[in-house]
Amino acid sequence: MTVEFKNVTFQYENNQGLSEISLTIPKGECYILCGKSGCGKTTLTRLINGLIPELYEGTINGDVMVNHHHTTETPIYTLSEIVGSVFQNPKTQFFTVDVESELAFACENMGVARDTILKRMAEVAVLFDIQHLLTRKMFDLSGGEKQLVAFASAYMIQPEILVLDEPSSNLDLVTIEKIKNILFAIKKRGCTIVIAEHRLYYLKDLADQFVLIVDGNIQTTFSTKEFATLDEQTLKKWGLRSLSIEQLTTTPPIVSLSRTTDTLTIPTLQFRYPKSETNALNLSDLTFTSGDVIGILGRNGAGKSTFARSLVGLQKKAVGNFFLNQTTSLSRKERLKMSYLVMQDVNYQLFCETVEKELLLKAGHPELFNQVVRSFNLEKILARHPTSLSGGQKQRVAVATAVLSGKKIIILDEPTSGLDYYHMQQISQMVANLRNLNIFIFIISHDLEFIQSTCTKLLTIEQGQKGIELPLDKTTTKDLIKIFNELSH
């Protein structure tokens, strides 16, 4: 057996961990760890790769065996030759400034011969389709490219076991499809794969077992066939996402809108990066109405985040015109004051020592505090330090802060990263409640399930230009799925 948990209990110093876990993962199989945010999925992966107890302190009982090694008694450098890890945020595992050096880094530290490293690098570059990235600087890569490089770097050591934490987080549809195909190829080579994930649709043909974790306990395990028979109601009860995008039926909640609406008009908007000969953005004739929730969809690098940063005034070099109600021109400074952007990596905007202080730091609607805390299920973590939270919990705190901000323009960039179905729906409902405040809401996402359940309009951006504009309701579901599938290839 490759991985075995024997009655394992782990408790962080102040937080919930895992309780009485017994699980065997055979060699060459793919196991998916699923469950609500904060249930213990990431903790289980840390026990496999040795980050517990090497980096994360706590109390552990029971035995964790990896290829017959006791993880608590085996040096981390020995485990790192057996287990390759891909974290939720790939930037946290980079050590060098260019792609070639990053791919070689782990092998060099293990004393692998230079010729062997170069041979492996050539093979891995083909497998991951990153030959064109080898000479690139890490800072210049898109989010999807960084995830591919992190994955490729982990595979360079030729691990017997691969552990991936939310590998689809923040990825566009093309890259998710690419990672799925890579996982298939790696599994065929006999590698054991353990994936902690919320988005399940792309894994249904790859997985051998789905492991459902509830409050630190293994609730049950399903074979792929058994899992495929679960109805949508059962999946939602456990906080699990849909297994098929074609089966999605949710639409935005019905809310009472403000009688007064405003318009935001952008006749032209252009942006060009330094030393580039072409515009990264070249948009025109955009009009948005307050009370609508605008979903922005497009491939990685299409210009979605650049549009968001230009809209709120963060891109100083962006050139364009912005009008409120067609007459009031909005300067960059004015847009900065009236906007709130939740960034793709929320770690950059969590500043305070407790969640409660974070929520109240710039609250324009402090009277909504109790309602927002309940809606986002934050009661039990108000006293926690934001950096101690799981990825999904951090995401909820960041979005809750935006809700409390009282700004006229709110932009959420990949707000469902790390979120289970239950908390995705909580954010969807909270966004719906914002619609009657006469504000402009934009959501940048690759998450079809969230877009369909939250947004009232769709705008696609393709190579920096305006693509398709589509109203979203029950009558346009098939059109949305078609657009989603086209962007997947």
task = Out of the residues in the range 85-127 that are more than 30 Å from residue 416 (Cα to Cα) and among the polar types (S, T, N, Q), state the one that is surrounded by the fewest Cβ atoms within 10 Å (Cβ to Cβ).
result = 116
task = For residues that are over 22 Å from residue 83 (Cα atoms) and either among the charged types (D, E, K, R) or free of Cβ contacts under 8 Å to residues at least 24 places away in the same chain (or both), tally how many sit in the range 179-220.
result = 5
request  = Note down all Cβ pairs under 8 Å where the first residue falls in the range 279-293 and is under 7 Å from residue 269 (Cβ atoms), the second is buried (at least 16 other Cβ atoms within 10 Å of the Cβ) and among the hydroxyl-bearing types (Ser, Thr, Tyr), and they're at least six residues apart or on different chains.
outcome  = 281/306; 281/310
ask   = Can you pull out the residues in the range 266-290 that are surrounded by fewer than 20 Cβ atoms within 10 Å (Cβ to Cβ), assigned to a loop (DSSP other than H, G, I, E, B) and under 28 Å from the mean Cα position of the chain (by Cα)?
value = 272, 273, 279, 280
query = How many residues does the range 113-160 contain that are farther than 14 Å from residue 94 by Cα and free of Cβ contacts under 8 Å to residues at least 12 places away in the same chain?
reply = 11
request  = Tally the residues that are loosely packed, with under 15 Cβ neighbours inside 10 Å and of a type in the set (Asp, Glu), restricting the search to the range 347-374.
outcome  = 2
query = Within the range 45-80, can you find the residues that are among the aromatic types (Phe, Trp, Tyr) and more than 27 Å from residue 212 (Cβ to Cβ)?
reply = 77
task = Could you give me the residue pairs with C-beta distances under 7 Å whose first residue belongs to the range 434-445 and is in the same structural domain as residue 290 (by TED's automatic domain parsing), whose second residue is among the aromatic types (Phe, Trp, Tyr) wherever it lies, and which are 6+ apart or on separate chains?
result = 440/288
Positions within the range 199-252 being touching a Ser or Thr at 6+ places or on another chain (Cβ under 6 Å), more than 28 Å from residue 429 (Cβ to Cβ) and modelled with pLDDT under 90, in sequence order = none
inquiry  = Against the definition (of a type in the set (Lys, Arg), modelled with pLDDT under 90 and under 25 Å from residue 235 (Cα atoms)), how does residue 396 come out, yes or no?
reply    = yes
request  = Take residue 384 and decide whether it is buried (at least 23 other Cβ atoms within 10 Å of the Cβ), basic (Lys, Arg) and touching a residue at least 24 places away in the same chain (Cβ under 8 Å).
outcome  = no
query = Considering the range 128-156 alone, what residues qualify as being over 22 Å from the mean Cα position of the chain (by Cα), surrounded by 16 or more Cβ atoms within 10 Å (Cβ to Cβ) and in a helix (DSSP H, G or I)?
reply = 133
inquiry  = What's the total number of residues in the range 157-177 that are surrounded by fewer than 20 Cβ atoms within 10 Å (Cβ to Cβ) and either within 19 Å of residue 103 (Cα to Cα) or not assigned by TED's automatic domain parsing to the domain that holds residue 42 (or both)?
reply    = 3
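The values are calculated or read from the model by the stated rules, or taken from the named source; none is laboratory data. These numbers come from a predicted model, not from an experiment. Neighbour counts are summed over all protein chains in view; Cβ atoms, including those assigned to glycine, are modelled from backbone coordinates with ideal geometry.
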